[in-house]
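Structure first, commentary second.
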Amino acid sequence: MNLLFTICARAGSKGVTGKNVRSFCGRPIVYYTLEIFEKYLVKHGNSGEIELAVNTDSEQLLQQVDSKGTGYIYVDRKKELAGDVVAKGDVIRDTLFAVEKIKGKQYDIVVDLDITSPLRNLYDVEGTIDQVTAHEKCNFAYSVVESRRNPYFNMVCKKESGFYDRVIPSEYTSRQQVPECFDMNASIYAYARSYLLDMCAENRFAQIWKMQDSGVLDIDSENDFEVMEVLAKYYWKQGKYLDIL
């Protein structure tokens with residue numbers, strides 16, 4: 001089985017300025033993602049071709065990746081794929097096609113690792129990939145955490161009337177009654193090649209992989225960044241996640 005890992009990060013960021021090239025606990029934040037890839041490669045390198053591709057328009061990010069010494073294939077971010085509203089799946093698919101052209105081979109599974117998830121561990125990467133390989137029909141898997149709010153019960157939005165009500169109207173009266181929901185934490189995505197070729201809802205048969213809630217935050221604000229650093233230092237003091245240092 002041929003696996004392609006991808007790191008897709010553009011230069012601009014509105015929520016947290018330069019978040020993909022920031023220092024996290026004294027080291028470039030991308031180092032933590034590179035080290036998880038390296039650990040996967042060491043453990044599973046004999047099971048097929050495993051490559052890493054970096055898709056970016058950031059010279060600073062490339063310099064940081066080069067300084068780490070991890071082998072990778074560079075894919076230049078196209079201008080039409082660098083905007084705020086571009087779907088990341090389109091960038092990952094473009095990366096797949098570019099690498100397949102460079103290497104002259106096809107990849108069975110593409111695994112995208114988001115840079116702003118420094119406490120991601122190897123177990124979670126393996127678990128997400130396993131969802132695709134273990135289920136015959138599954139062609140897409142992604143990491144989640146248990147949701148703290150539920151659209152059937154205690155999440156509201158503005159309706160056409162101009163007033164607010166539950167996101168999904170329901171008659172539920174307790175949290176225990178509602179369907180179980182999860183938050184996508186934007187940490188790990190695993191795609192079967194077949195799905196990337198035709199990314200439509202009718203062709204998506206997805207599974208999830210549950211991660212520890214407090215171990216991963218989707219960093220979209222300065223406050224998120226600060227909280228993540230506090231958590232990291234706490235976990236390292238407790239002896240957790242030390243395998244990525």
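The values are calculated or read from the model by the stated rules, or taken from the named source; none is laboratory data. Computed from a predicted model, the values in this text were never measured in an experiment. Using ideal geometry, Cβ is built from the backbone for each residue, glycine included, and neighbour counts are taken over all protein chains shown. To get the accessible areas, we keep the full protein, side chains included, count just its heavy atoms, and leave off ligands, DNA and RNA. Shrake-Rupley method; radii C 1.70, N 1.55, O 1.52, S 1.80 Å.
Each row is one residue, and each column tells you yes or no for (1) open to solvent by less than 40 Å² (accessible area, probe 1.4 Å); (2) at pLDDT below 95; (3) small (Gly, Ala, Ser); (4) not in a loop (DSSP other than H, G, I, E, B).
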site	(1), (2), (3), (4)
VAL145	yes, yes, no, yes
ASN154	no, yes, no, no
SER170	yes, yes, yes, no
ASN185	yes, yes, no, yes
TYR191	yes, no, no, yes
SER194	no, yes, yes, yes
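For segment 98-123, enumerate the residues that are closer than 29 Å to VAL145 by Cα and either open to solvent by 50 Å² or more (accessible area, probe 1.4 Å) or small (Gly, Ala, Ser) (or both).
If the condition is that a residue be closer than 29 Å to VAL145 by Cα and either open to solvent by 50 Å² or more (accessible area, probe 1.4 Å) or small (Gly, Ala, Ser) (or both), then ASP108, SER117, TYR123 are the ones that fit.
Quick check: anything in segment 107-114 part of a helix (DSSP H, G or I), aliphatic (A, V, I, L, M) and in contact (Cβ under 8 Å) with a residue 12 or more places away in the chain?
Among the residues of segment 107-114, not one is part of a helix (DSSP H, G or I), aliphatic (A, V, I, L, M) and in contact (Cβ under 8 Å) with a residue 12 or more places away in the chain, which makes the answer no.
Which residue out of GLU180, GLU226 is open to solvent by 60 Å² or more (accessible area, probe 1.4 Å) and over 30 Å from PRO28 (Cα atoms)?
GLU180
With GLU51, GLU35 as the choices, which residue is assigned to a strand (DSSP E or B), closer than 19 Å to LEU122 by Cα and charged (D, E, K, R)?
After applying the criteria, what remains is GLU51.
If you go through segment 45-64 one residue at a time, how many are surrounded by 13 or more Cβ atoms within 10 Å (Cβ to Cβ) and free of Cβ contacts under 8 Å to residues at least 12 places away in the same chain?
Of the residues in that region, 0 qualify.
Could you list, in sequence order, the residues of segment 65-97 that are open to solvent by 30 Å² or more (accessible area, probe 1.4 Å), closer than 19 Å to TYR189 by Cβ and either in contact with a Leu (Cβ under 7 Å, 6 or more places away or on another chain) or not in a loop (DSSP other than H, G, I, E, B) (or both)?
Residues satisfying the conditions are TYR72, LYS88, ASP90, ARG93, PHE97.
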